[in-house]
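Here's the structure, in structure tokens; my notes come after.
The values are calculated or read from the model by the stated rules, or taken from the named source; none is laboratory data. As the structure is a computational prediction, the values presented were derived from the model and not from experiment. All Cβ positions, glycine included, derive from the backbone under ideal geometry; neighbour counts span all protein chains shown. Each accessible area value is taken on the protein alone, full model and side chains, heavy atoms only, with ligands, DNA and RNA left out. Shrake-Rupley method; radii C 1.70, N 1.55, O 1.52, S 1.80 Å.
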Amino acid sequence: MLLPAEKELRAVLARFADARFRHDLQPTGHSSRELEDTSYTLCVMTGTQTVDEALAAADALLERMTADRGAATTTRATQTLAA
């Protein structure tokens, strides 16, 4: 599976949250379609079948991306100090 870029994943999560909030606040045909579209996109990006699975997978991916970024920063700092 190709991993989504962090920026894109965060953007889709924000769109999903916004669509979910607006649909829960005042459901319309438009809000329903928008929620369905963002839910589908989130599932495709995370390789999952349900929104609950997609949200959990997105959280795990973001944690891993943050940890990888932190490890890369630490490695670069160590290499700089060693030089």
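Taking Lys and Arg as +1 and Asp and Glu as -1, the other residues whose beta-carbon sits under 14 Å from that of Thr66 total 0.
The heavy atoms of Glu63 offer some 130 square angstrom of accessible surface to a 1.4 angstrom probe.
Could you give the accessible area per residue of the range 1-62, probe 1.4 Å, as a whole number in Å²? Display every interim value, and only then the final one.
Working: 4090 Å² over 62 residues.
Roughly 66 Å² per residue, with all protein chains present.
Local charge sum around Cys43 (other residues, Cβ-Cβ under 12 Å, Lys/Arg +1, Asp/Glu -1)? So the surrounding residues net to -4.
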